[in-house]
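Scroll down for the structure; my scribbles are underneath it.
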Amino acid sequence: MTTIQRIHPAPPMRGRFHLDVCHEDPGEVVIYVVGELDIATTPVLRGSLSDLLDVDTPWSTLEVDLAAAPFVDVSAAGLLLNARRRAEERGTTLSLTHCSAQLVRLLHLAHVVELIEAIPAHDE
């Protein structure tokens, strides 16, 4: 059974940032990011990731789907790397899917692409 929890203070509108957190299967969660992920919106994702990583029973997999995130800045990339480390400590696999070429390039330039599973949009 899929449960969707929308995270944003206002109803989603075209062009507005929000997250959809879906509990796809037992132990699996997908966070769908909709809108630009930058210094203004990163705190919303940080809060969601913290809530998911602070549960008593760790998730087996946590996926951040970036198909609807046209831009991801360096602050968000740092947040995702820190979340990957926290997830790993809890035995959870964190992956990024549908990554834009811009994000993959950013991860390469920062020499951290090998630290996190980042699946480019064109490979799926």
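Read the figures in this text as sums done on the coordinates, not as results from a lab. What you are looking at is a predicted structure, and each value in this text was computed from that prediction instead of being measured. Using ideal geometry, Cβ is built from the backbone for each residue, glycine included, and neighbour counts are taken over all protein chains shown.
Yes or no: L94 assigned to a helix (DSSP H, G or I) and surrounded by 19 or more Cβ atoms within 10 Å (Cβ to Cβ)? No: the conditions fail for L94. The set of residues in segment 55-67 that are surrounded by fewer than 13 Cβ atoms within 10 Å (Cβ to Cβ) and more than 15 Å from H23 (Cα to Cα) contains only D56.
Do the conditions hold for G47, that is, is it in contact (Cβ under 8 Å) with a residue 24 or more places away in the chain and either in a loop (DSSP other than H, G, I, E, B) or among the hydroxyl-bearing types (S, T, Y) (or both)? No, not satisfied. Just to be sure, is T41 buried (at least 20 other Cβ atoms within 10 Å of the Cβ) and touching a Gly at 6+ places or on another chain (Cβ under 9 Å)? So T41 passes the test.
So is L79 outside any helix (DSSP H, G or I) and closer than 27 Å to H122 by Cβ or not? Spelling it out, it is not the case that L79 is outside any helix (DSSP H, G or I) and closer than 27 Å to H122 by Cβ.
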